[in-house]
Amino acid sequence: MTDEDAADDQGDRSTDPEDRTDDPASRTADTVRCWLVERTYTDRGLVDMVYATPDGAHVRRKQLSTTIMRQRGSGTTAAVDVDRGDLEPVDEDAVRERYATEVERVRERYGPDDEV
């Protein structure tokens with residue numbers, strides 16, 4: 001592969017909204033930056049978080065104990081880099097659109113590592 005071919009490949013990848021990140025060096029070909037679109041607190045002391053790809057078509061769901069989050073001193077960041085294999089598809093059009101809109105809003109207000 002020539003340098004020109006490599007540049008063409010990178011150009012093709014960067015037009016895919018799932019591949020775009022604010023810091024391309026922070027991801028690999030197997031990861032995608034996802035943004036926080038939902039966060040709910042359960043009555044069992046858990047935090048349910050949903051991170052979505054920029055187009056809202058795929059999500060990564062995480063559930064953490066609020067106690068463990070406090071003990072670790074970890075908060076909820078605006079974005080995470082997710083292995084593609086860990087993403088789940090979003091089947092409903094309305095949900096995809098809502099997630100894409102929320103990703104846009106979060107990206108405008110926060111940096112990827114900002115706590116929200």
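The values are calculated or read from the model by the stated rules, or taken from the named source; none is laboratory data. Here the structure is a predicted model, which means the values were calculated and not measured. Cβ sites come from the backbone with ideal geometry, for glycine too, and all protein chains shown count toward neighbours.
Listing for the model above:
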| item | result |
| --- | --- |
| Residue in region 20-32 that is assigned to a strand (DSSP E or B), at pLDDT 90 or above and more than 15 Å from the chain's Cα centre (by Cα) present | no |
| Neighbours by Cβ (under 7 Å, 6+ apart or cross-chain): first from region 70-84, free of Cβ contacts under 8 Å to residues at least 24 places away in the same chain; second among the polar types (S, T, N, Q) and surrounded by fewer than 17 Cβ atoms within 10 Å (Cβ to Cβ) | none |
| Answer residue from region 85-116, given it is touching a residue at least 60 places away in the same chain (Cβ under 8 Å) and under 23 Å from Thr42 (Cβ atoms) and is surrounded by the most Cβ atoms within 10 Å (Cβ to Cβ) among those | Tyr99 |
